[in-house]
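**Q** Dropping a structure here in structure tokens format, bear with me for questions.
The values are calculated or read from the model by the stated rules, or taken from the named source; none is laboratory data. Small disclaimer: the values here were computed from a predicted structure and weren't measured. All Cβ positions, glycine included, derive from the backbone under ideal geometry; neighbour counts span all protein chains shown.
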Amino acid sequence: MTNPACTLDPFVKLVTSEDLTGDAKQIFENVKAANGKVPKWMKAMGNSPEVFVHFFRLFKTTMGEGSVKSLLKWKVAFRVSELNKCEFCVSVTKTKLRCMGLSEEEIAQIDTPVNETEALVLKFAESTTEHAYNILPETKAALRKTFSDEQVVELTAAVGLFNFINRFNDSLDIFPDLT
């Protein structure tokens, strides 16, 4: 069921590329050329161009291919967004996972991992989201055994990134489009 708050306008104005200059304007134009539109979260964050530019770069770096496969990071993003009940990010991550080849059934079963490594990563993502101050020592030990420090940092960055963007979207009333 759709949240009735979805009909609200965002808490801040949604900027356009005409409102921007420099790198922020260029990012907007590139995103629009590639996707046909600029997402609402970007239009909201564009109210602070410097924050937007640096966050966008962090987002691209974190979620792109690195020492951890992008697909696993997007599964983490989906799970974090589900835990935080961020309708906008659940919608976006589902779309991204579909584009990466996952079926609706596979997406619906992300909380039932396909292997032990994925189970560990999702447990870490859940623990970090729910109580980062108190992650079980055995979870950390398993991470250390399974992943390099670079990979642990990359996974933690993906978890933190989506905890941030979930809070950003929800607090500013950024909901999925109803159409």
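Condition check ((1) touching a residue at least 12 places away in the same chain (Cβ under 8 Å); (2) buried (at least 19 other Cβ atoms within 10 Å of the Cβ); (3) not aliphatic (A, V, I, L, M)) across all residues:
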| residue | (1), (2), (3) |
| --- | --- |
| G64 | no, no, yes |
| L71 | yes, no, no |
| S81 | yes, yes, yes |
| C99 | no, no, yes |
| A108 | no, no, no |
| E116 | no, no, yes |
| R144 | no, no, yes |
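**Q** I'm checking my understanding of the structure. Among residues of region 37-55 that are hydrophobic (A, V, I, L, M, F, W, C) and in a helix (DSSP H, G or I), which one is surrounded by the most Cβ atoms within 10 Å (Cβ to Cβ)?
**A** M45
**Q** Report yes if E29 is at negative phi and assigned by TED's automatic domain parsing to the domain that holds F147, otherwise no.
**A** no
**Q** Let me ask you something else. Restricting region 139-179 to residues that are among the polar types (S, T, N, Q) and over 17 Å from the mean Cα position of the chain (by Cα), which is nearest to E65 (Cα to Cα)?
**A** Result: Q151.
**Q** Having 2 or more residues that are of a type outside the set (A, V, I, L, M, F, W, C), in contact with a Leu (Cβ under 7 Å, 6 or more places away or on another chain) and modelled with pLDDT of 95 or more is the bar; report the helices (runs of 4 or more DSSP H) wholly within region 85-161 that clear it.
**A** 116-131
**Q** Continuing with the same structure: Listed residues A5, A34; which is more than 23 Å from R167 (Cβ to Cβ), at pLDDT below 95 and outside any loop (DSSP other than H, G, I, E, B)?
**A** A34
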